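Colleague: Before anything else, here's the structure in question.
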Amino acid sequence: MKPTHIEHIGIAVKNLDEAIPFYEEVFGLKCYNVEEVTDQKVKTAFFKVGQTKIELLESTDPEGPIGKFIEKKGEGIHHMAFAVENINEQLQAAEAKGVRLIDKTSRKGAEGLSIGFLHPKSTFGVLTELCEHPK
Ligand code: ZN
């Protein structure tokens, strides 16, 4: 698969209006984009740390994946995303190696990326996302 870098770390938060100023004031990072991904029932806020991003995720619906995550586990790290080339080939290759997939083919995520998730039961408990930048 050979990811080129960690594209982002996704962190579930209850409230972006509280979490964004925290990252700005404590870490001195600048939130450069806030975007709603209706598909995922989340509002996302992005910060850059080198070439890796921090993606804060606030649920817009208690029944959505982040709403359920927070209810079960509370706020915290939700997923890690690797940047890869040819995402659909990588998803197939992972499946061929016995990894359970959440997404058999990639779909559209925030910031125009193609994304696909591997199931945490197959990845030592870490919800792992693959993502590919549009060419
Ligand atoms: Zn993500």
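Colleague: Restricting to the range 112-134, what's the tally of residues that are more than 11 Å from the chain's Cα centre (by Cα), over 13 Å from Val84 (Cβ atoms) and part of a loop (DSSP other than H, G, I, E, B)?
Modeller: The number of residues fulfilling the criteria is 6.
Colleague: Against the condition in contact with a helix residue (DSSP H, G or I) (Cβ under 9 Å, 6 or more places away or on another chain) and under 21 Å from Asp39 (Cβ atoms), how does His133 come out, does it pass?
Modeller: On the way: in contact with a helix residue (DSSP H, G or I) (Cβ under 9 Å, 6 or more places away or on another chain): yes; under 21 Å from Asp39 (Cβ atoms): yes.
When the stated conditions are applied, His133 passes them.
Colleague: Next question. Quick check on my filter: what residues within the range 67-93 are in contact with a Gly (Cβ under 9 Å, 6 or more places away or on another chain) and within 15 Å of Ile115 (Cβ to Cβ)? Step through it out loud before you land on a result.
Modeller: Within the range 67-93, the subset in contact with a Gly (Cβ under 9 Å, 6 or more places away or on another chain) is 69-70, 77-81, 87-88, 90-91.
If the condition is that a residue be in contact with a Gly (Cβ under 9 Å, 6 or more places away or on another chain) and within 15 Å of Ile115 (Cβ to Cβ), then His78, His79, Met80, Ala81, Ile87, Asn88, Gln90, Leu91 are the ones that fit.
Colleague: If you don't mind, another one. Anything in the range 88-111 that is assigned to a helix (DSSP H, G or I), closer than 24 Å to Thr38 by Cβ and more than 13 Å from the ligand (Cβ to nearest atom)? List them, or say none. Outline the logic, then answer.
Modeller: If we filter the range 88-111 for residues that are assigned to a helix (DSSP H, G or I), which is where we start, we get 88-96, 110-111.
If we keep only those that are closer than 24 Å to Thr38 by Cβ as well, we get 88, 91, 110-111.
Those that are assigned to a helix (DSSP H, G or I), closer than 24 Å to Thr38 by Cβ and more than 13 Å from the ligand (Cβ to nearest atom): Asn88, Leu91.
Colleague: Any idea which of (1) free of Cβ contacts under 8 Å to residues at least 60 places away in the same chain; (2) open to solvent by 70 Å² or more (accessible area, probe 1.4 Å) is the one Val99 doesn't satisfy?
Modeller: Single failed check for Val99: (2).
Colleague: Is it true that Phe69 is more than 21 Å from Ile6 (Cα to Cα) and open to solvent by less than 40 Å² (accessible area, probe 1.4 Å)?
Modeller: On the way: more than 21 Å from Ile6 (Cα to Cα): yes; open to solvent by less than 40 Å² (accessible area, probe 1.4 Å): yes.
Spelling it out, Phe69 is indeed more than 21 Å from Ile6 (Cα to Cα) and open to solvent by less than 40 Å² (accessible area, probe 1.4 Å).
Colleague: Something else: Take the residues in the range 112-135 that are away from the ligand (no atom under 12 Å from the Cβ) and in contact (Cβ under 8 Å) with a residue 40 or more places away in the chain, then tell me which one is least open to solvent (accessible area, probe 1.4 Å).
Modeller: Step by step, filter the range 112-135, then rank; the result is Glu132.
Colleague: Residue under question is Glu129, and the condition is that it be under 15 Å from His8 (Cβ atoms) and charged (D, E, K, R); does it hold? Walk me through it before giving the result.
Modeller: Working: under 15 Å from His8 (Cβ atoms): yes; charged (D, E, K, R): yes.
For Glu129, the condition - under 15 Å from His8 (Cβ atoms) and charged (D, E, K, R) - is met.
Colleague: If only one of Lys104, Lys97, Lys48, Lys108 is at pLDDT 95 or above, among the basic types (Lys, Arg) and under 19 Å from Glu7 (Cα atoms), which one is it?
Modeller: Details: Lys104 fails: under 19 Å from Glu7 (Cα atoms); Lys97 fails: under 19 Å from Glu7 (Cα atoms); Lys108 fails: at pLDDT 95 or above.
Residue meeting the stated conditions: Lys48.
The values are calculated or read from the model by the stated rules, or taken from the named source; none is laboratory data. What you see is a predicted model, and the numbers here were worked out from it, not measured in a lab. Backbone-built Cβ (ideal geometry, glycine too); neighbour counts: all protein chains shown. Areas reflect the complete protein model, heavy atoms only, side chains present, ligands, DNA and RNA absent. Shrake-Rupley method; radii C 1.70, N 1.55, O 1.52, S 1.80 Å.
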